[in-house]
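Everything below concerns the one structure shown next.
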Amino acid sequence: MEIQHQYSLKNHNTFGIEAKAKQFIAVQSVEELQLILQQNRAQNIFILGGGSNMLLTRDIDALVIHIDLKGKKVIAEDENFVWVESQAGENWHDFVLYTIENNYGGLENMSLIPGNVGTTPVQNIGAYGTEIKDTFVSCQAVAIKNQELKTFTKEECNFGYRESIFKNEVKDHYIITSVVYKLTKKEHKINVSYGDIINELTKNNISSPTLKEISNAVIAIRKSKLPDPKELGNSGSFFKNPILKKTDFIKIQQQFPEMKFYDISETEVKVPAGWLIEQAGFKGKRFGDAGIHKNQALVLVNYGNATGQEILEVSKNIQETIYKKFGIYIEAEVNVI
Ligand code: EPU
């Protein structure tokens, strides 16, 4: 365990942006993490997981602690379910593949989401009709202030659409070190109704899919729409899909009858931000090395040497244009640092 100075974070953020950490250390165990926190109490601390949901717009004048805790295991099981614990530093997709190989159901729709296990509860990641909260049991976290371990139950996490207590009430107070998911061993709850999954399966003549086949379908869809951060820097969806009051939406819809929407409750609808951005003419556009992906307008990309500031400018331009055109504010999903 060694602290490095003026350390480049380019390989630690999926946008591939160059920014330096004043100090940097990777920790491989909870004990190491506790020790580092204790020894550096006077320091500003910045926690880095997989770096898949952040936009770095400046150097980090702090001690960056990279959570590199590895390991996954079954901690309990009964006839129907298995409780699997993963350390925070495991790559999410590798973990999903491990559950599928063991025929544990529940995470297959979330195949290929970039990032590490430890950040999945922070923004309640989700895709194709499934969210982490559907299988999440609890997570363990270290308090930055006094290094004590605390277990957060699902109720305490207060999950919402890309939201949790970790983005709100306890933001910057805890570091998640491991997560427990409850998965099915049989009678898997197959959910293929969302979006293109069913079409992808039909195309391959699959009518009663296995977990692996669902995962493969999701991987194929994501690959066709979403850029691979290894080839083109990005952070997945840059914006959240805005949620509007039905009464407000109806007024906007009179002006834009073709606007797409999903009912989410009696009183609210969700509008796909990707549609709004495409309608505003941004899809596939490029401003220097910053741009909007050609297949999914919700994804901003770094064509090579874009700075975080340049990508931020593009995102502001999009937000302002959408607001002027539709009267709808779209909020960033990515953490802007
Ligand atoms: N759309 C457009 N133009 C675009 C993109 C989308 O018109 O450029 C329309 C589509 O035609 C479709 C609707 O918008 O009717 C929704 O598109 P899609 O199914 O691609 O999903 P999304 O709402 O844009 C969300 C998540 C993704 C997740 C997909 C699939 C958010 C912010 N994003 O995107 O999550 O993979 O659903 O479930 O909720 C991520 O969070 O990083 C992420 C990639």
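Table for the structure above
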item: Lone unmet requirement of (1) touching a Gly at 6+ places or on another chain (Cβ under 9 Å); (2) within 16 Å of the ligand (Cβ to nearest atom); (3) closer than 23 Å to residue 81 by Cα for residue 233; result: (3)
item: Every pair of residues 6+ apart whose Cβ atoms lie under 7 Å, when the first sits in the range 312-337 and is modelled with pLDDT under 95 while the second is surrounded by 14 or more Cβ atoms within 10 Å (Cβ to Cβ) and charged (D, E, K, R); result: 333/162; 333/240
item: Counted residues, the range 304-337 - those being outside any loop (DSSP other than H, G, I, E, B) and within 16 Å of the ligand (Cβ to nearest atom); result: 12
item: Verdict on residue 243 being farther than 26 Å from residue 50 by Cβ and either surrounded by 18 or more Cβ atoms within 10 Å (Cβ to Cβ) or within 16 Å of the ligand (Cβ to nearest atom) (or both); result: yes
item: The lone exception for residue 95 - which of (1) free of Cβ contacts under 8 Å to residues at least 24 places away in the same chain; (2) of a type in the set (A, V, I, L, M, F, W, C); (3) at positive phi it fails; result: (3)
item: Residue 33, sole failed condition from (1) modelled with pLDDT of 95 or more; (2) touching a Lys or Arg at 6+ places or on another chain (Cβ under 9 Å); result: (2)
item: Hits in the range 261-281 (condition: more than 23 Å from the chain's Cα centre (by Cα) and within 12 Å of the ligand (Cβ to nearest atom)); result: 279, 280, 281
item: Residues (out of contact with any helix residue (DSSP H, G or I) (no Cβ under 9 Å at 6 or more places or on another chain) and either at pLDDT below 95 or part of a strand (DSSP E or B) (or both)) located in the range 83-116; result: 83, 85
item: Selection count where residues are assigned to a loop (DSSP other than H, G, I, E, B) and at negative phi, scope the range 155-170; result: 6
item: Criterion: more than 16 Å from the ligand (Cβ to nearest atom), touching an Asp or Glu at 6+ places or on another chain (Cβ under 8 Å) and closer than 22 Å to residue 15 by Cβ - qualifying residue of 71, 89; result: 89
item: Residue 154 more than 16 Å from the ligand (Cβ to nearest atom) and modelled with pLDDT under 95; result: no
item: Condition broken by residue 256, with the remaining ones in (1) without any contact (Cβ under 8 Å) to a residue 24 or more places away in the chain; (2) over 30 Å from residue 54 (Cα atoms); (3) surrounded by fewer than 18 Cβ atoms within 10 Å (Cβ to Cβ) satisfied; result: (1)
item: Some residue of the range 293-301 being within 18 Å of residue 241 (Cβ to Cβ) and of a type in the set (Gly, Ala, Ser); result: yes
item: Of residues in the range 286-303 being among the small types (Gly, Ala, Ser) and over 19 Å from residue 54 (Cβ atoms), the one nearest to the ligand (Cβ to nearest atom); result: 297
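A quick yes/no check of all residues on (1) surrounded by fewer than 18 Cβ atoms within 10 Å (Cβ to Cβ); (2) over 18 Å from the mean Cα position of the chain (by Cα); (3) not β-branched (Val, Ile, Thr):
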site	(1), (2), (3)
159	no, no, yes
163	yes, no, yes
191	yes, yes, yes
224	yes, yes, yes
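Table: residues versus (1) polar (S, T, N, Q); (2) closer than 16 Å to residue 2 by Cα; (3) surrounded by 17 or more Cβ atoms within 10 Å (Cβ to Cβ); (4) touching a residue at least 24 places away in the same chain (Cβ under 8 Å).
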position: 50; (1), (2), (3), (4): no, no, yes, yes
position: 53; (1), (2), (3), (4): yes, no, yes, yes
position: 56; (1), (2), (3), (4): no, no, yes, yes
position: 64; (1), (2), (3), (4): no, yes, yes, yes
position: 69; (1), (2), (3), (4): no, yes, yes, yes
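The values are calculated or read from the model by the stated rules, or taken from the named source; none is laboratory data. Here the structure is a predicted model, which means the values were calculated and not measured. Counting neighbours? That spans all protein chains shown, and the Cβs are built from the backbone with ideal geometry, glycine included.
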